[in-house]
Amino acid sequence: MARILVIDDEDLVRFTIEQILMSAGHVVATAENGAAGMRRQREIRFDLVITDIMMPEQDGIETIRALKAEFPALPIIAISGGGRMGNLNYLDMAKGFGVSAAIPKPFTPDEILTRVETALKH
Amino acid sequence: MSAAEVKKEAAAERRAMRQLYLLLGSIVVGVLAIALTYTVQARFINAGEAELQRVHQTTRQLAGTIEAAHAAVRMAPGLDRAPSVSAPDRGAFIAASVLEFNRMTGAIDELVALLAEEDAERFGKSVDRLRRARAQLHDLRQNFRGDDFDFAIALRMHELYIGIVAQQLRRTHTSLASELTLDLGARREVMRASITLIALLVLGALTLLARHSLGSIRTSWAHTRQAHGALAESEARYRRAERGTNDGLWDWNIVTGENHLSPRWLEMLGYQPGDLPYRLETFADLVHPDDKAAVWAAVDRHLQAGEAYDLECRLRCKDGSYLWVRTRGEAERDDSGKPTRMAGSISDITEQRMARESLQGERDRLRQILDAQFGFVCVLKPDGAIEEVNRTPLALMNLTREDVIGRTFWDIGWLKPGTEKDIEAAVTAAAEGAVVRNDIVANFPGAGLRDVDAVFQPLRDADGKITNVVGFGVDITERKQAETELAKARDELEIRVEQRTHELAVERERFQISQTFANIGTWDWNIQTGALYWSERIGPLFGYEDRKIETTYENFLAAIHPDDRQMVIDAVNACVEKGETYDIEHRVVGLDGRVRWLSEKGDVIRAADGKPIRMLGVVQDITARRAAEDYLRHAQKLESLGNLAGGVAHSLNNLLVPILALSKMTTDGLPKESPARNALGKVVDASERAKDLVARVLAFSRRETPEISACDLREIAADALRLAQSSVPSAIRIKAEIGERPVPILADKPQIEAVILNLITNAVAAVNGANGGGGDGRADGRVALGLAVCAAETRFRSVPEKLRGRPCAVLSVADNGGGMSAAVKARVFDPFFTTKKVGEGTGLGLSMAHGIVEEHGGVIEVESEPGRGATFRIFLPLIDAGANAGAPKQKAS
């Protein structure tokens, strides 16, 4: 039962994750991009943030870094449709920035819920 | 007259002549006789006359003496009066006496002298008396004291005495004179008589002779008449000749001044007979004023010295113009040599003068031409004597023509001393018919030694006989010097050329080596002549390896790939005609069939007027570069494709999120018996598969630097197969025999996967008939993939040499498509080689596959025959299975 923020530029994805999380009893808020996400987080201190990495405006990685800088204790889960920068894919990079989990799309509901439980526990 | 008559006539004439001679002889004899007589007698007479004269003279003298004596006596005063004469009178008397004494002695002396010559017998006594008287006078004189009156008296007495003697002598002489006169008269008579006698005798003889020869003389007269007739005839002939001749005849009587001029003479000057008087003055007036002096001088010389009279002068014609004539003549002289007549002719020489003038003009012109010659010209006699020479050498020697004409050519001193013998030999040879051309050395004061190119040639007359030797020479000193210097310069040049050639050889070596190293060739096309030069590398670059072929524009074009040919032609023309930059890249097809890419850069060299002369170009093999470029392009395309794929994948993944998750959620929420559960389950499956595919495509399109890792070829093959199967029409079955045993290799998985995928794709295309090499698609098209392992010691004969002796993996992809010909098989791994239609394939797949396999230490081969499909085999070295087990680096896909 947590307050979770979902940041993704694709509304279908936002809807799907919302449905999954709500089915597990979490309270979910969404944001379209990193900046909006930051604002929401400042307004409402969420317990967890799930963010896509490849997004216009504020890149996902940037968002993660900014969140981590401002809310060091905040657990973050990164999701991605697949992208590489050089030899490293974004998810691996995200791990480098200290996200709790990196989940590739598409995912099953279980894959999300499991990771959320794990991240919330820490 | 007949010959006999002529003979008779002649004989008669001879007789007459003889008689005439006789007559003449007689006359002569008679005359001589008379002359002789006369002479002899005359002598006597003369002697007598002379004596007579002398006597007369003596007589006169005597008379004179007597006169003197008488005078002396008369002057003396009477002898008896002597003492009464006064003193002054005495003095006068003495003085007069002295005078008389002198005169008297003188007279006596003369008389004595005269008488001494006379007959001594007759006058001897008188002479003695006179002598004695003289002596006495002399004595008196000696004793005279000056005032001796007595002397004077005595003197007078002696004088008187002398007078008396003289008188006696006179008387004697007078009678003598008479005697002589008589004698003389007699002699004269004698002479006259004798002469008369002789004359009569002669006359008588003559008469006899005359009578005798009257006939002959008459005949002679007849002859004379005939002679006259002949003379008249000849006169007439003369007249005819005079009329007929073109010359005018003149006949000047020097004595009378008459000057007969023939009608033709007058006519020549436009006059008629009778117009002018026949006088010398006529001629004199008509002579041109400027010629008068010469004419009269000539006349004088002829008349005085007998010099021939032959000169040219002008005579005035009736119309006032002047005619040039040649006047000739000769004078007749009398016995004393005095000229009495002169006769001759005048000829109109106008034409001759004109001819002479023009001839002279021509001669002058010839001389001018000769003198204007740059070299010397001379005409020699065969012995070397100079007949003619032009001005050139004369001017240099400061001589005149007259100085050298006649002298021997080589003795003039204008040759180098010591060379005279050579020149003599040359002239002699020319005189015998040779043409001798030599360099000789002349020596001119002031100019020094000069080299002369001289030629001596024979000159022949109309009959071919050699009459002269002609010499001609040109000063070639400067030329010879120039030749010497040229020879020197040439030698120097040869040395330099050698040096330069060596340098050039070295440079050429460097050039060729650099060309060889850089694989660059140069060509040089002479646009005017069409000649084409290829450097060493051009042949190989264009695919004409070792074969010697003609360097021609046609061969150049033939080597170019047919599709690029027109482009090349256009580019060459554009550069030549319009000056556009020539910088192209085109393909060439070598004789071995290999395709290469060449870069050509060149430019046209033009003349000053812009006309193209040459085109030079540099050719470089850029096959590797183009392959690299194409690789890069391909890679970039791939990259962009990759990016696209990345983007697409990303979007797909996003879209799959709701499909997968929500389907799962819905399925989980449905009761187990619900029919929808099954359907949704299928949706979930499809989503999973879609996720998988996206992931694979993404992974495939992301390949960059190879990352070698230990992997199992089976996995790679399986992945490739899966990928291939998704894009292949289901009609074609890909059979795969991968085997159970692991096939560990060291490889970059994506690369090997790409290779296998490429082979499968090609096989499918072949079976579909898209390769163009074989027939149409087969209904039973089969593609088979096989994977096997060969042990090191295998005798599998198709294991390539490279991998013999080691364990290796063999992956084969076989199809039963159209197969390929040997030619295609040979080039199938070439970059850009494709049998597919344009746009359907870049031809890079197999070449890339080849490259990748080679990099992995393996070998890729093809086995095929037309109509029997193809089998591609990849051999890769196996690694020890356990060696790199552990944590193979696996990338999240």
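Bear in mind these aren't lab numbers, they're just calculated from the coordinates by the rules spelled out. The model shown is predicted, which means the values in this text are computed figures rather than measured ones. Reconstructed Cβ throughout: ideal geometry from the backbone, glycine too, with neighbour counts over all protein chains shown.
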Point to revise | Förster radius 41 Å - calculated FRET efficiency between B:Lys802 and B:Leu591, Cβ distance, rounded to 0.05 | key: 0.90
Review point. What ratio of Cα Rg to 2.2 N^0.38 Å holds for chain A?
Key: 0.94
Point to revise | Within-11-Å neighbourhood charge of B:Glu863 [Cβ basis; K, R +1; D, E -1] | key: +1
**Study point:** Linear extension gain, B:Ala355 paired with B:Trp221, 0.36 nm per residue minus alpha-carbon span
**Key:** 42.9 nm
Review point. So what is the relative contact order of chain B, in percent, for Cα pairs below 8 Å that sit 6 or more residues apart?
Key: 5
Review point. At q = 0.05 Å⁻¹, what is the log10 ratio I(q)/I(0) for chain B, with the Debye formula run over Cα points and no solvent?
Key: -0.78
Exercise for review: Express in nm, to one decimal, how much length is gained between B:Thr245 and B:Leu746 on full extension, taking 0.36 nm for each residue of separation and deducting their alpha carbon distance.
Suggested key: 166.0 nm
Study note, to complete from the structure: In whole Å, largest first, the alpha carbons of the protein assembly as shown cover along the principal axes 258, 102, 69
Review point. Given a Förster radius of 35 Å and the C-beta distance between B:Arg122 and B:Leu99 as r, what FRET efficiency does 1/(1 + (r/R0)^6) yield to the nearest 0.05?
Key: 0.60
Point to revise | Positive minus negative residues near B:Ala186 (Lys, Arg vs Asp, Glu; Cβ under 12 Å) | key: 0
Revision key, fill the gap. Computed for the protein assembly as shown: size of charge dipole around the Cα centre, +1 on C-beta of each Lys and Arg, -1 on C-beta of each Asp and Glu, debye to nearest 20, value 1460
Point to revise | Helix-only CD estimate at 222 nm, as mean residue ellipticity for chain B, using -39500 (n - 2.57) per DSSP H run (n ≥ 4) | key: -19000 deg cm²/dmol
Exercise for review: Find out how many positive minus negative residues lie around B:Arg401, taking Lys and Arg as positive, Asp and Glu as negative, among other residues whose Cβ is under 9 Å from that of B:Arg401.
Suggested key: -2
Point to revise | Leading residue at positive end of dipole, the protein assembly as shown (Cβ point charges), from A:Ala24, B:Phe517, B:Val810 | key: B:Phe517
**Study point:** Label-point gap, in nm, between B:Thr666 and B:Val112 - each point 7 angstrom along Cα→Cβ
**Key:** 22.8
Check your understanding: So between B:Tyr38 and B:Val190, what do we pick up on full extension, going 0.36 nm a residue minus the alpha carbon distance?
Key -> 53.7 nm
Study note, to complete from the structure: With label points set 7 Å from each Cα along the Cα-to-Cβ direction at B:Gln53 and B:Asp411, the distance between them in nm comes to 7.1
Study note, to complete from the structure: Cα pairs beyond 14 Å in segment B:457-500, in percent, come to 67
Review point. Rounded, prolate or oblate: which fits segment B:275-390 when a ≥ b ≥ c are the square roots of the eigenvalues of the alpha-carbon gyration tensor, with rounded for a/c under 1.5 and prolate only if a/b beats b/c?
Key: oblate
Exercise for review: Classify segment B:193-295 as rounded, prolate or oblate, taking a ≥ b ≥ c as the square roots of the eigenvalues of its Cα gyration tensor: rounded when a/c is under 1.5, otherwise prolate if a/b is larger than b/c and oblate if not.
Suggested key: oblate
Exercise for review: Please give, to one decimal in nm, the separation of the simple spin-label points placed at B:Asp290 and A:Leu120, each 7 Å out from Cα toward the Cβ.
Suggested key: 16.0
Study note, to complete from the structure: So for R0 = 22 Å, FRET eff. of B:Leu203-B:Tyr21 from the Cβ-Cβ r, to 0.05, ends up at 0.70
Point to revise | Pairs of lysines in segment B:282-434 (C-alpha under 27 Å apart; 8 or more residues apart or interchain) | key: 4
Check your understanding: For segment B:614-697, what's the relative contact order in percent, using C-alpha pairs closer than 8 Å and at least 6 residues apart?
Key -> 29
**Study point:** Of A:Lys95/A:Lys121; B:Lys578/B:Lys601; B:Lys637/B:Lys682; B:Lys691/B:Lys749; B:Lys637/B:Lys749, those spanning more than 24 Å from alpha-carbon to alpha-carbon
**Key:** B:Lys637/B:Lys682
